[in-house]
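The values are calculated or read from the model by the stated rules, or taken from the named source; none is laboratory data. Keep in mind it's a predicted model, so treat the numbers as computed, not measured. Cβ atoms come from the backbone with ideal geometry, glycine included; neighbour counts cover every protein chain shown.
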Amino acid sequence: MSIPGRLVAVLASATALAGLCGCTVQPPDAEGKHGLPVHIRLPSSRGPGPARPPSDPPAASAPAASSVPPSASSVPPSAPAPRVLWSRGDSGPGVRELQARLRQVDWLFDGPTGSYDDLTERAVSGFQGKRGLPRTGRTDMVTWQRLLAMTRPPGKWELYLMGGQPADAPDPRCLTGRVLCISKTTRTLRWMVDGRTVSTVAVRFGTESTPTREGVFHVYWKSRHHVSTLYHSPMPYAMFFSGGQAVHYSYDFAARGYAGGSHGCVNVRDEAAIARLFDEVGVGDKVVVHW
């Protein structure tokens, strides 16, 4: 084949290849020195990527993990508040033990009375604050467990330091007539009429050096505003039953409880109760002091 004929064949082949690849062929004026096109674009060895419409917005980047708020289901529930055992206004043996234990650690100086009053509330609040607990003044399970770990079980007299101990069964000698039935075991005085208990009060007795006599006596004298001629101490609502020994109100018993003692008399710390008793008991009524 002549040179012009071969040139025509080459150009025909290039034109066919360009049609298959979508490329363009430069016009004849851009030929090389051999008359071949110099800007033939060949297809890439990599396949074309997926097409994206020009109008699509750029994909938004995902927010950082720390900026995503946790869902309600993923937040752990807060610990429940400890159960409250006793609070102001409550009463009973549990409160009495609480007060006795607070006395052991010097957070309470009155009582025990068995009633959760303002003094008990302040003592509990102080105990809580000292140990880093919420100062609620209410005795919850956490506060109670901490107090138990620091104290010992209170004894009988610690629980009833200010009186209030349940009375025992009345002495058989108290079951007839009008009787002041006085128990040294439970430190209580029952006012009884024909075997029925009308009222009960806490009492205190004489010390070891001046003990209260035991036995059956009778009220022989009453003195509402009595003052002891021997000790020069007031003895309001005195009801004498054996020599100089009497049932009467005691300011010292009201203030100090069983930390003190009498010179043989039967002390009452509840002034309102002894005032009523003074009006009801008559000269000649029986007095029984027993264990």
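Among all residue pairs at least 6 apart or on different chains, which show Cβ distances below 8 Å where the first residue, located in segment 109-130, is on the phi > 0 side of the Ramachandran plot and the second is charged (D, E, K, R)?
Final answer for the pair search is Gly111/Arg96; Gly111/Arg103; Gly114/Arg96.
What number goes with the only condition from (1) at pLDDT 95 or above; (2) loosely packed, with under 14 Cβ neighbours inside 10 Å; (3) assigned by TED's automatic domain parsing to the domain that holds Ala272; (4) under 26 Å from Val95 (Cβ atoms) that Met150 does not pass?
(3)
Please enumerate the residues belonging to segment 252-265 that are in a helix (DSSP H, G or I) and either modelled with pLDDT of 95 or more or surrounded by 18 or more Cβ atoms within 10 Å (Cβ to Cβ) (or both).
Residues satisfying the conditions are Phe253, Gly257, Tyr258.
So which residues in segment 149-182 are touching a Cys at 6+ places or on another chain (Cβ under 8 Å) and free of Cβ contacts under 8 Å to residues at least 40 places away in the same chain, if there are any at all?
Matches in segment 149-182: Pro170 only.
Specify which of the listed residues (Val219, Val287, Val227) is in contact with a Gly (Cβ under 7 Å, 6 or more places away or on another chain) and β-branched (Val, Ile, Thr).
Only one candidate qualifies: Val219.
Can you find even one residue in segment 165-173 that is in contact with a strand residue (DSSP E or B) (Cβ under 8 Å, 6 or more places away or on another chain) and crowded, with 21+ Cβ neighbours inside 10 Å?
Within segment 165-173, none of the residues are in contact with a strand residue (DSSP E or B) (Cβ under 8 Å, 6 or more places away or on another chain) and crowded, with 21+ Cβ neighbours inside 10 Å.
Just checking, how many residues over segment 183-196 are among the β-branched types (Val, Ile, Thr) and closer than 18 Å to Asp279 by Cα?
Going through segment 183-196 one residue at a time, the tally reaches 1.
Right, Gln165: closer than 14 Å to Ala100 by Cα and either touching a Leu at 6+ places or on another chain (Cβ under 8 Å) or at pLDDT 95 or above (or both) or not?
yes
Being outside the structural domain of Ala273 (by TED's automatic domain parsing), touching a residue at least 24 places away in the same chain (Cβ under 8 Å), within 13 Å of the chain's Cα centre (by Cα) and part of a loop (DSSP other than H, G, I, E, B) narrows it down to one of Arg88, Arg135, so name that one.
One residue alone meets the criteria, Arg88.
Look at Ala246 and say whether it is loosely packed, with under 13 Cβ neighbours inside 10 Å, under 48 Å from the mean Cα position of the chain (by Cα) and either within 19 Å of Arg269 (Cα to Cα) or in contact (Cβ under 8 Å) with a residue 12 or more places away in the chain (or both).
No; evaluated as a whole, the condition is false for this residue.
Residues of segment 91-108 being within 15 Å of Met162 (Cβ to Cβ) and free of Cβ contacts under 8 Å to residues at least 12 places away in the same chain, which ones?
None - no residue of segment 91-108 is within 15 Å of Met162 (Cβ to Cβ) and free of Cβ contacts under 8 Å to residues at least 12 places away in the same chain, so the list stays empty.
Scan (1) surrounded by 14 or more Cβ atoms within 10 Å (Cβ to Cβ); (2) touching a residue at least 24 places away in the same chain (Cβ under 8 Å); (3) in a loop (DSSP other than H, G, I, E, B) for the single condition Thr185 breaks and write down its number.
(1)
Determine whether Phe217 is within 24 Å of Phe240 (Cα to Cα) and touching a Pro at 6+ places or on another chain (Cβ under 9 Å).
No; evaluated as a whole, the condition is false for this residue.
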